[in-house]
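Scroll down for the structure; my scribbles are underneath it.
Please treat every number below as a calculation from the coordinates, not as lab data. Bear in mind that the values here come from a model prediction, so they are computed numbers and not experimental data. Neighbour counts are summed over all protein chains in view; Cβ atoms, including those assigned to glycine, are modelled from backbone coordinates with ideal geometry.
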Amino acid sequence: MVAIFADGVRVIGLPRSVGEIYGILFIKEEPLSLDDLVKLLGVSKGTASQGLKMLRTLGAIKEVAHEESRKTYYKADVELKSLVGGFIREEIRPHLQSAELKVKTLRELAVHEGEFSVDRVERLDQWRKRATFLLPILQKLLSS
């Protein structure tokens, strides 16, 4: 199961270790600490810490208080709405926003390159606009 998550995150451009961390948290009933993850995955503390930070930012994991320890423990958020929403918010939306500025610059340059270049820039902008329009719909569908 861990390999499924590790392969899945690579498809969307995230490090394999992020998928491995999420996979371990997904399959474990009890929350795990940073040290637990380092031990189970055989990764460095730095790698595990960076992976946890990314997963927290995406909303894919939750911090859990542990009565018997001062350590921070983590548990996977298994709601698809949270996972997709976090990914859209943290990864896709910023790219679409920066793409808008890049397309504007490309549009100015394409005018000097000819009709083909202008057409391609317009096509790219159409894709960006459609993606921007579809993101809220996708989030709404997945939250049902």
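Computed quantities for the displayed model
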{"item": "The range 80-143: Lys pairs at Cα distance under 21 angstrom, eight or more positions apart or on different chains", "result": "4"}
{"item": "Principal-axis tilt of helix 115-143 within the chain, Cα atoms, nearest 10 degrees", "result": "40"}
{"item": "Sorted by Cβ neighbour density within 10 Å, fewest at the top, the residues GLU113, GLU20", "result": "GLU113, GLU20"}
